[in-house]
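Novice: I have a structure I would like to understand better, so I am pasting it below and will then ask my questions one at a time.
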């Protein structure tokens, strides 16, 4: 039976809840939209918050294939993923080869590749082929999305392969470069509620069997694929232009790739029945595509964070307080703001800059 995206997401959430896991703040909708806008998502946060489990349960709920690949700290190039020839001349398959084979054999079935603890090794080293080839995606006349060749695969990255990396940001892991952050939606798991919820049903709904069209991107090239949404695209880009002008003051501005992927995220949300409000979707886009790039100790960075807060909430200078972060907290506590998650993150980053002399998006 045909099923709408809204109904499918509700069944996915019911399935996950029945398995004993609850994710708040419309996280499932956000995860879906992130995959829909680009098949590479990073789930970041402290250990034990259910990042890896989310990928598995989401894949199970929609009837997708799922494979977990733990990242090793000694990975240094693409052969660690795609395989290599040993000293005897025999080819040794890499850990992602099974996922590629599954995706080729079942082109209408989504295949999830979860790279667990992705940043135990330097992502830019072992994952560089993926990062580059993903940018060559093109839509064919039959609707399929193809890429250039990658490693031993002439057909490129299958359009039903979805890559999700889970990362812990601590002293044992490597930070991300802008090259990685520009190419992924980075969803943060930082808020933890230790009070359990017993509201989930004991009876899990049947797993859906959704085709790849449920997740396959509808937008690849802004000027070609988004013409019918021209006015909405221009409104989004006008907002991004204001933000980018602020980022430019600290040499942290973004390029066309980030602009396009934010537009695709927001357009996917509208096309799929407004799973989120425009403000919620823009809030997520700022959190996932712009703020993770920011770190440093300069005075210009502090001024930039304050200007961004004015866009996400309001001008904190109109509020009394000894420090910028104190004024920001009063605004957040007083009334709802336009982009609450981004505003709260900016307040935290400003507070860390005041207290430690250095700040970054990551905990």
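We did not get these values from a lab; they are worked out from the coordinates using the rules stated. The shown structure was predicted, so the numbers you read here are calculated from the model rather than taken from an experiment. All Cβ positions, even for glycine, are placed from backbone atoms using ideal geometry, and neighbour counts span all protein chains on display.
Novice: Of all DSSP beta bridges in the chain, what percent run antiparallel (nearest 5)?
Specialist: Values: 8 of 29 bridges.
Percent antiparallel among DSSP bridges in the chain is about 30.
Novice: If neighbour count is taken as other Cβ atoms inside 10 Å, put 315, 141, 182 in order from fewest to most.
Specialist: Starting with the residue having the fewest Cβ neighbours, the order is 141, 315, 182.
Novice: Between rounded, prolate and oblate, where does the stretch 101-169 land on the alpha carbon gyration tensor, with a ≥ b ≥ c its root eigenvalues, rounded for a/c under 1.5, else prolate if a/b exceeds b/c?
Specialist: Prolate shape, in that a/c is at least 1.5 and a/b is the bigger ratio.
Novice: Grab the Cα-Cα distance for residue 352 and residue 92, subtract it from 0.36 nm times how many residues apart they are, and report the gain in nm with one decimal.
Specialist: Stretched fully, the residue 352-residue 92 segment lengthens by 88.9 nm.
Novice: Mind pulling the angle between the C-alpha long axis of helix 5-18 and the longest principal axis of the chain? Nearest 10 degrees, somewhere in 0 to 90.
Specialist: Helix 5-18 sits at roughly 90 degrees to that axis.
Novice: Same structure, new question: At 222 nm, what value in deg cm²/dmol follows for the chain if DSSP H runs of at least 4 each add -39500 (n - 2.57) and the sum is divided by all its residues, to the nearest 500?
Specialist: That comes out to -12500 deg cm²/dmol.
Novice: Report the gain in length on full extension from residue 124 to residue 271: 0.36 nm times residue separation, minus Cα-Cα distance, nm rounded to one decimal.
Specialist: 49.6 nm
Novice: Now for a different question. When a/c reaches 1.5 or more, the comparison of a/b and b/c decides; with that in mind, is the stretch 219-360 rounded, prolate or oblate per its Cα gyration tensor?
Specialist: Because a/c hits 1.5 or more and a/b exceeds b/c, the stretch 219-360 counts as prolate.
Novice: Counting only DSSP beta bridges with both residues in the stretch 5-213, tell me the antiparallel percent, nearest 5.
Specialist: Given both bridge residues lie in the stretch 5-213, the antiparallel proportion sits at roughly 20 percent.
Novice: Any idea what the relative contact order of the chain is, in percent, if you count C-alpha pairs under 8 Å spaced at least 6 apart? Walk me through the intermediate numbers first.
Specialist: On the way: 554 pairs, mean separation 71.1, N = 363.
This gives 20 percent for the chain.
Novice: Shifting gears a bit: Quick check for you: which residues of the stretch 55-93 have the amide N under 19 Å from the point 7 Å beyond the Cα of residue 132 toward its beta carbon?
Specialist: Once the point is set 7 Å along Cα→Cβ of residue 132, 75-85 turn out to lie under 19 Å by backbone N, inside the stretch 55-93.
Novice: A further question follows. (i) 18.3; (ii) 16.6; (iii) 20.2: which one is mean projected area of the Cα convex hull in nm² as calculated from this entry?
Specialist: Answer label, from the structure shown: (iii).
Novice: Using a ≥ b ≥ c from the Cα gyration tensor of the stretch 143-274 (square roots of the eigenvalues), is it rounded, prolate or oblate, where a/c under 1.5 gives rounded and otherwise the larger of a/b and b/c decides, a/b for prolate? Display every interim value, and only then the final one.
Specialist: On the way: a/c = 1.33, a/b = 1.15, b/c = 1.16.
Cα axes put the stretch 143-274 in the rounded bin.
Novice: Modelled label-to-label distance, residue 317 and residue 300, 7 Å Cα→beta-carbon offset: nm?
Specialist: Going from the residue 317 label point to the residue 300 one covers 1.9 nm.
Novice: Sequence gap at least 6, Cα distance under 8 Å: using those rules, report the relative contact order of the stretch 219-360 to the nearest whole percent.
Specialist: Details: 133 pairs, mean separation 31.5, N = 142.
Over the stretch 219-360, the number comes to 22 percent.
Novice: A follow-up question, please. What's the extension gain from residue 223 to residue 154 if we count 0.36 nm per residue and subtract their Cα-Cα distance? Write down the numbers at each step before the final one.
Specialist: Values: separation 69, 0.36 × 69 = 24.84 nm, distance 2.84 nm.
Gain on extension, residue 223 to residue 154, equals 22.0 nm.
Novice: I've got another one for you. Averaging sequence separations of C-alpha pairs under 8 Å and six or more residues apart, then dividing by the length of the stretch 311-363, give the relative contact order as a whole percent.
Specialist: After rounding, I find 32 percent.
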